[in-house]
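Here the structure comes first, spelled out in structure tokens, and everything after it is commentary.
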Amino acid sequence: MLFNSWTFWLFFAIVLPIYWLLPFRLQTFFLLAASYLFYGWWDWRFLPLIMFSTVMDFYLGLLIASTSTQATKQRLVWLSVAVNLLLLGVFKYYNFFSNEVVTALNSIGIHASLPVVQVLLPVGISFYTFQSMSYIFDIARGVTKPATSFWNFALYVSFFPHLVAGPIMRSGAKGQDALGRGLLKQIETPRIRRSDDFAVGLYYILLGLFKKVVIGDNMAVLVNTVFSRDTSELTGLECLVGVYAFAWQIYADFSGYSSIAQGVARWMGIDLMDNFKVPYLAISPSDFWRRWHISLSTWLRDYLYIALGGNRGGGSMVLRNLMITMILGGIWHGANWTFVFWGLYHGALLSIYRFMGWETAKPLSFMDRSWRIILMFHLVCFGWLLFRATSMHQVGDFLYLMATDWRVTPTAVAMLGLIAFYALPLFLFEYWASSRANNLLSLAQSPWIARAGVYAYAVLMLVFFQAPESHEFIYFQF
């Protein structure tokens, strides 16, 4: 049930009016049932897994809150971590690691084999697992209190707008809405229809559909054309332009999902956090990670990097903490050496900028900021090559061509033109919005004639410039 499908909008058109007609006490039960229906639509066999994780962490949270001894709290936290990561590991990483072990043993003359687990990856498992674990961590640290009821917690874990691709919401005191409330606290509080809910929700939904359907899916055609071909048929410039296309595909695709999720939730009186803040305007690696997939980067910072020691200790300790955090962040995305090296690469970027003193908080001139943005965009694009490639061998082939073959071909020129046609309006809009007090919400709060003009452009593009076929959201595979 994709956000860019008529099936979802029919589902939501039924859910929304019933939801608002129900009294508050019944809204939670109804939304929980709708969320399980939404999740089961992908594959009903995944439902017992999310239900098991929900039941386990709800009762472990109660035990942690009622336990007075720190040692017992830690054991219960580790139990939650172990079981959640075991489930994640079996479904997502077992085959990768078993294949690597067998390959390593065979390379030294030991012939071995391990069983292969033929299972589908449960959609959204990485997201709801991290969200449920953050609830346990926050209770153990005294940052939040346990859920007031099991049903509220179950909805917190499975709330359908953000269930399969985030953002990864916190539960309580680490608030993520205008009133400083996390998702669980919003669920526990009666919702009211705010005067601007419809306008803001519509803005987010249109923005998200424009990003996904117009930019993301059209860029996917270019990306697949490049990455599915044998490198003997490509030039270095075509490889580079293919990476540019993927940079815009993954941004439009992922941030588009997040925007639609925000809009759908807003129409139900619930605020989801901004997961992106114009990341391609970043001037440094740390600035990029303050803008890209914010719910994951802050999760890794708060629960992993700081737990490892954060900025405490000498330079070597900080370097170790950065590298471990980013490598594990890469592995979170998938079981492939390309993701390991993607995390390693971003860890190296963060470390180099930090220890060379290239991070800056001082005001920059327009020219100084511009060249930093251009440099950072290209550094990020190199990371996207690692992210998109099917193997490190393909990465090597692309890099070789980009270093040796700069023939200008009609294909490369046409692809650059298409990237500019689809992505440049979004970039200019976000550049304008980034200078406004309310960032991307500036348009939703602008005069109606300005909104009407932009919305008309978005709708026309949605109608006349859809890609030949729609694609699943990229982050569904994680």
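FYI, it's all coordinate maths here, none of it is from the lab. What you see is a predicted model; the values in this text were computed from it and never measured. All Cβ positions, even for glycine, are placed from backbone atoms using ideal geometry, and neighbour counts span all protein chains on display.
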*Cα centroid distance between the stretch 3-34 and the stretch 55-105, in Å?*
33 Å
*Taking only C-alpha pairs under 8 Å that are 6+ residues apart, what is the relative contact order of the chain in percent?*
18 percent
*Work out from phi, with θ = phi - 60° and the Karplus expression 6.51 cos²θ - 1.76 cosθ + 1.60, the ³J(HN,Hα) of each residue of the stretch 362-372, listed in order in whole Hz, and give x for Gly and Pro.*
6, x, 10, 5, 4, 5, 5, 5, 5, 5, 5
*With the Cα gyration tensor of the stretch 6-188 in hand, give its eigenvalues times 5 under a square root as the equivalent ellipsoid semi-axes, listed largest first in whole angstrom.*
33, 24, 12
*Pull up all non-local amide H partners of ARG181: gap of 5 or more, or a different chain, and H-to-H distance under 5 Å with H placed in the peptide plane.*
GLN176
*Estimate the FRET efficiency between ALA307 and THR69 by the formula 1/(1 + (r/R0)^6), using the beta-carbon distance for r and 22 Å for R0, to the nearest 0.05.*
0.65
*Counting other Cβ atoms within 10 Å, which trypsin sites (Lys or Arg not before Pro) in the stretch 267-338 have at most 16 and lie in a DSSP loop?*
ARG290, ARG312
_With semi-axes √(5λ) of the Cα gyration tensor in Å as the read-out, I listed (i) 45, 22, 21; (ii) 41, 35, 22; (iii) 34, 30, 23; which label goes with the value calculated from this structure?_
(iii)
*How far is it, in nm, from the label point at ALA361 to the one at TRP406 when both lie 7 Å from their Cα along the line to the Cβ?*
4.0 nm
*Taking a 19 Å limit on the Cα-Cα distance, which of the listed pairs LYS145/LYS185; LYS92/LYS212; LYS211/LYS277; LYS145/LYS277 fall beyond it?*
LYS92/LYS212; LYS145/LYS277
*With θ set to phi - 60°, apply the Karplus curve 6.51 cos²θ - 1.76 cosθ + 1.60 along the stretch 27-43 and write out the HN-Hα couplings as whole Hz, x wherever there is a Gly or Pro.*
4, 4, 4, 5, 5, 5, 4, 5, 5, 5, 5, 4, 6, x, 4, 5, 5
*Please find the FRET efficiency linking ILE374 to ILE449, where r is the Cβ-Cβ separation and R0 is fixed at 41 Å, and quote it to the nearest 0.05.*
0.75
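Sorted by mean Cβ packing within 10 Å, highest first, what order do the peptides 143-156, 423-436 take?
Top of the packing list down: 143-156, 423-436.
So, R0 is 41 Å and r is the distance between the beta-carbons of VAL459 and LEU344; what FRET efficiency does that work out to, to 0.05?
Once rounded, the FRET efficiency stands at 0.45.
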*Dipole of the chain, Cα-centred, from +1 at each Lys and Arg C-beta and -1 at each Asp and Glu C-beta, to the nearest 20 debye?*
1420 debye
*Hey, what number do you get for the chain at 222 nm if only DSSP H runs of n ≥ 4 count, each worth -39500 (n - 2.57), divided across all residues, to the nearest 500?*
-21500 deg cm²/dmol
*Sequence-distant or interchain residues sharing an amide H contact under 5 Å with LEU121, placed H: which?*
none
*asked:* Can you compute 3J(HN,Hα) from phi for each residue in the stretch 462-470, using the Karplus curve 6.51 cos²θ - 1.76 cosθ + 1.60 with θ = phi - 60°, rounded to whole Hz and x for Gly and Pro?
replied: 5, 7, 9, 10, 5, 5, x, 9, 8
*Tell me, what is the percent relative contact order of the stretch 6-188, built from C-alpha pairs under 8 Å that lie six or more residues apart?*
25 percent
*Net +/- balance of residues flanking GLY315 in space, Cβ distance below 15 Å, scoring K and R +1, D and E -1*: +2
